[in-house]
Structures are given as C-alpha cells and as structure tokens.
1. Which net charge results when you count Lys and Arg as +1 and Asp and Glu as -1 among the other residues whose beta-carbon is under 10 Å from that of His327?
2. When the accessible area of segment 392-482 is computed with all protein chains present and a 1.4 Å probe, what percentage of it is carbon and sulfur?
3. What are the GluC sites (Glu not before Pro) within segment 342-398 that DSSP puts in a loop, where the Cβ has at most 11 other Cβ atoms within 10 Å?
4. Could you report segment 238-287's accessible area per residue, 1.4 Å probe, as an integer in Å²?
5. Summing Lys, Arg as +1 and Asp, Glu as -1, what charge do residues with Cβ under 11 Å from the Cβ of Phe124 carry, Phe124 excluded?
6. Which of the trypsin sites (Lys or Arg not before Pro) found in segment 281-333 are in a DSSP loop and have at most 14 neighbouring Cβ atoms, other than their own, within 10 Å?
7. For segment 335-482, take N as its residue count and report Rg(C-alpha) divided by 2.2 N^0.38 Å.
8. Of the listed pairs Lys384/Lys411; Lys227/Lys408; Lys335/Lys384, which have alpha-carbon separations greater than 18 Å here?
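The values are calculated or read from the model by the stated rules, or taken from the named source; none is laboratory data. Predicted, not measured: the structure shown is a model, and the values here were computed from it. Note: ideal-geometry Cβ built from the backbone for every residue, glycine included; neighbour counts use all protein chains shown. In case anyone asks, the SASA skips ligands and DNA or RNA and just uses the protein heavy atoms, side chains included. Shrake-Rupley method; radii C 1.70, N 1.55, O 1.52, S 1.80 Å.
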Amino acid sequence: MLIGTTLRQGGLIASRTSRCRSSSALLCYLDQSTTTPSSSSTTVRNQHPQHSLSTAISTSKSHYYPKPPIQLLRHSFHTSSSLLQSDNAPAKSKEEEEANPLSGSGITPSLRAAIIADLKSVDFDGNGRIDADELQALLGKYNDTFSEGEILELTEIFYTSTGAASVEIYRFMEALDAAASDKSTSGGGETADGEVSPLAVKGAFKTHPLGIGTCASEYMFTKTHGKYTEEDLNIEATHVPPVTFSDKTALFAVRCVRLVFDTATLWNFGSVTKNKILYRAIFLETIAAIPGMVAAIIRHFRSLRNMSRDGGMLNMFIEEANNERMHLLTFIRMKEPGYLFRAAVIGSQFGFGTFFLTAYIINPTWCHRFIGYIEEEAVHTYTKILNEFDNAEEGSELYEWKEEDAPKIAKGYWHLGEYGNVHDVMKAVRADEAEHRDVNHAVSGVPDDAVNPLYDPRAKLDGMLRKYVNDIMKKEASKQSA
C-alpha cells in the first residue's frame, strides 16, 4: 500500500522493473528478453555502432552521421545488462504476444468505456481532469503491474512535466490511443515508422498528447546500482565494431593503452593473485572516475554559458563518475596502497585528466566512443577475475578470498545482504562497467541539446500508458470469459 507520500516533496524510489521506451527521434527501447551466459562464461557478439540516435537528429547537425536508431534490448536504466543492437528486433514469441496483447492495435469501444470509467473513479473532485494525486491513486489500483517505486516516480514525473497542472480525461484517452496503436507520443508526433501521428497536428499538443515537456529530465535521474537480480548480473561481453575513422582511432588508442598497462603490470604473465587483482582494480578505478566528471563539468559550464538546458545527461555522467568512485572506496577496504602507488595515481590522474578534458572539449563524440571501448575492456577484466574465482581450487588464496565478507560499504551500496562476499562484489562491479559501456556507446554522437535518451520523461510516461492499457485489457478479457 502506498503511504501518503506528498508529490511536492519528491522522495522518489527507483524501480527495479522500469522499462524505458523511447520516441523515434531518440531511442527504441525494446522490452525483449534475451539469453545471457553465466557469470563465468561470456560470449562476444558483434554489434553495429551508432553515431546518432536517429536520422532526424543527425540531419539537423551536419557533423553527425545519419544512422538508424540505437536499440537497447531489455534495457532498464538502472540495470547494466542492456545490449546495443542495430539489427531489426526479433519476432515476438507467443508468450510475449500474450504478455503484450495490444500488438499495434488501437483501443476498442468496450475497452474505451472501461478505461473512461476507471479514470472517472479516481476523479475525486469531479472536474473531468486527472492530476498527479489522482494518477497516483489510479496506478495504485494496479499494484501487480506497477511497483510502489514506479508509481512514485511516474506520478512525480507527471506532476513536474505538466507544471503541476491537471489533464482532461479526453486528452488522457488520446494519449492511451496513441500508446495502444504503437505510436510515439514523445517525438513530436512521429510514429515508429517516421509517419506523423494525427495527434501532432492538433494545436493543443506540442510534443506529447498529455502536454508534458522535458523539464523533469534536467533534475530527475533516479538510478540505483543496488538490488541486482541474477539475470542482471549475467553479463554479455559485447563489442561495437568501429566504422568511421574516429571510431577506429578510439579503438586503436584503447588497445594501445591496454597493451602497455597489461605489460607493465604483468597481468597476462604468471598466475592471477589477490594482490595483482587489487592493485589493478584500485589503480584503474582512480582513473575510471575521471571521464564522467569531466563530461558533466563541461556540460554544466556550457549550460550556464548558453543559459540553456542540458537535456539531463549531465546528471547521468555525475552518477557514472560517483559509481566508479564507489568501486574505489570498496577496493581500498581490502588493501591499503603504499606511497609509491599513490604517487603513480596522482601522476596518472593529472596526465589522463588533462588529456581527456582537452579531447572532450574538441570532440565529445570520440571521447564517448573511447570510453565505451574502455568499458568493454573492463568487462573482460572482471570476467577474467570471476573465471579465476570459479576455477580456484578449494583452499587456494583466491578460493578463500572470494568467500570473504564484502566490505560494509559494498553491502550497503549494492544491497548484497548480510552475507555478501567478495565474489558478489566483483559481479556487481562488472554489471556497473557493462552499463557504462552501453551508455557511452549509446550517447556517442548525440547532439548536445538532445534530451537524455536513457531518461526521457515522455518515454517513461509512454511506457506507463502501455502497461496500464495492457493490464486493464487483460482484466476486461478475464471478466468476459468468466
């Protein structure tokens, strides 16, 4: 049961089951289940790179490459097992069709009557409009479909995106019609096929039938790295093949850096030990937290300088940088570095920080592709560590270490539970790195003024509308068959 949480106070709880579905001008979130390998065995699947999220965006910026929209399979914005893919989505299975009975069809008259009755049941003041509190009551009736966290987040997005205004029931129905017809309601009225939806030509609606905007993306970015499921932790080692010269130079630079670092640390020579793992992890995490903060700082200053919105990616990059910092704070609870090691970190931070700051000012697209490839390597590194853990002989150093209790800070951050161990930590860290990989590849080439494609409030409300219609459709079907 929801307990009187005032929308005006915020207090959001990130949902573990949120699914983001984008507009045609941004991302296509496909809620498809995928088969992933176990944590000790990963497979590599080549994927096509994307240099912009849509041709529509690209053509407005001549220096971006016109490419098809990026598709994120089974993407949840706080889950790191999402996969980048540009191929056509696989055909839906019978089970998936049953789970999503809309299948591109609109709302039937009988279903429309049921929905209108449902909406009127929460219209407490009888003015024919739905406000955020009434939306919260509406979604609360479907607690099997929407978790408490989802309800709080969605109603807060609705409240902020409408400017605290209410929406006429007939407009709510038009938004549901668009969702039921598989039409994008968040991309200026374009459908997934690029056609203009009839909703777009009505003067009352600018970018969404509910009249919502994207203000919420400027300050809302609810993301948590805790409470991973086993499915979330089963990560695929994916690779985005380079296409352009910029991509190829980014990949070449990453491979050169990895070769030098692996040789200097003897990573591929001799056996993998506890000390070798910790020294490597600690050093790399002191560097890994730099790119996200650099990107956020530059975007922050540009927003101030231009007196314009950022689109919400600033918040995402800050969170990414802090996530890498949490990796570091976890590992240093297992080993305290010496003075020489700390001196090397200071020098490396100064050198890499200066390089990345300069590169990001010149070409942020290259930088995000570079970080995407860096994170691909990080996934390989932590996969190797997990394989060493799984293959460690009983009584060996690695076997004993992986069973040790995780540091307190790690148990709290990733919700590992009272008995979380080092093995659990490594799986969670790898999941984080996989998400950074996918995010940076996804935003490489996205125009500076675009709304964060991974947290577009319009897309989140589109997903809410579809889930609501699906649920009420199932209930109506059950009533008719009874």
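1. Values: positive: Arg325; negative: Glu285, Glu324, Asp432, Glu433.
That sum, taken over residues with Cβ under 10 Å, equals -3.
2. On the way: 1580 of 3390 Å².
Roughly 47 percent, rounded to a whole number.
3. Values: sites: Glu375, Glu376, Glu377, Glu388, Glu393, Glu394, Glu397; in loops: Glu393, Glu394.
Loop-located and lightly packed - Glu393, Glu394.
4. 50 Å²
5. Working: positive: Lys120, Arg129; negative: Asp123, Asp125, Asp131, Asp133, Glu134.
Summing Lys/Arg as +1 and Asp/Glu as -1 gives -3.
6. Working: sites: Arg299, Arg302, Arg305, Arg309, Arg325, Arg333; in loops: Arg309, Arg333.
Of the trypsin sites (Lys or Arg not before Pro), the ones in loops of segment 281-333 whose Cβ has at most 14 other Cβ atoms within 10 Å are Arg309, Arg333.
7. Details: Rg = 22.5 Å, N = 148, 2.2 N^0.38 = 14.7 Å.
Rg over 2.2 N^0.38 Å, computed on Cα atoms: 1.53.
8. Details: Lys384/Lys411 22 Å; Lys227/Lys408 15 Å; Lys335/Lys384 20 Å.
Flagged as over cut-off: Lys384/Lys411; Lys335/Lys384.
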